[in-house]
Amino acid sequence: MSTAAIAHPVLSVESLLGGKRVLQAKPRTSLDWVAVIRQGISSAAVDALAKTIRVTQSELAVALGIPERTLARRKKEGTLNSEESAKLVRLARVVEQAEEVFEDLNVSLDWLKSPNAALAGATPLSLLDTDIGAESVMDTLGRIEHGVFA
């Protein structure tokens, strides 16, 4: 393990979404996450993730594929529906994987926000509004991790 990883521990999906305080649960397995998503995640997780990845509400809405007005309404209501919750968790999973690969949040965020030749010139963040786009980003991160795109 590198010293960078020790100095700055990898963020978990849970911590990216505001931790136990926001989630009201401590999901340990994928199936635990299914239950959390179905129940609906607190809209406070939107603010927590936006702050951590340093994007505006508008940019986050685009990345999630959720209209900005819907996101604002959900924030007032206090809970995202299951589909919106799944999109938020998907984004957090990608951020978690990027930080694991690059071992630095700033480098990870720069990578997510920069055009990428392996993704046909798109920014990874711009592809996360669809499952296939997110899979492509995760695949690219896997290739980087294994030295295919050094």
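Observations on the model:
- Whichever residue in the stretch 124-137 is touching a residue at least 40 places away in the same chain (Cβ under 8 Å) and among the hydrophobic types (A, V, I, L, M, F, W, C) and, among such residues, is farthest from residue 61 (Cα to Cα): 137
- Scanning the stretch 2-33 for residues that are under 19 Å from residue 108 (Cα atoms), surrounded by 11 or more Cβ atoms within 10 Å (Cβ to Cβ) and at pLDDT below 90 yields 4, 5, 8, 10, 11.
- Check on residue 121, touching a strand residue (DSSP E or B) at 6+ places or on another chain (Cβ under 8 Å), free of Cβ contacts under 8 Å to residues at least 60 places away in the same chain, of a type in the set (Gly, Ala, Ser) and on the phi > 0 side of the Ramachandran plot: no
Results for (1) in a helix (DSSP H, G or I); (2) within 22 Å of residue 27 (Cβ to Cβ); (3) not aliphatic (A, V, I, L, M), shown as yes or no for each residue.
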residue	(1), (2), (3)
69	yes, no, yes
73	yes, no, yes
91	yes, yes, no
99	yes, yes, yes
111	yes, no, yes
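- Condition check for residue 36: surrounded by 14 or more Cβ atoms within 10 Å (Cβ to Cβ), within 21 Å of residue 15 (Cβ to Cβ) and touching a residue at least 24 places away in the same chain (Cβ under 8 Å): yes
- Residue 126 being part of a helix (DSSP H, G or I), of a type outside the set (A, V, I, L, M, F, W, C) and either modelled with pLDDT under 95 or farther than 18 Å from residue 66 by Cα (or both): no
The values are calculated or read from the model by the stated rules, or taken from the named source; none is laboratory data. Small disclaimer: the values here were computed from a predicted structure and weren't measured. All Cβ positions, glycine included, derive from the backbone under ideal geometry; neighbour counts span all protein chains shown.
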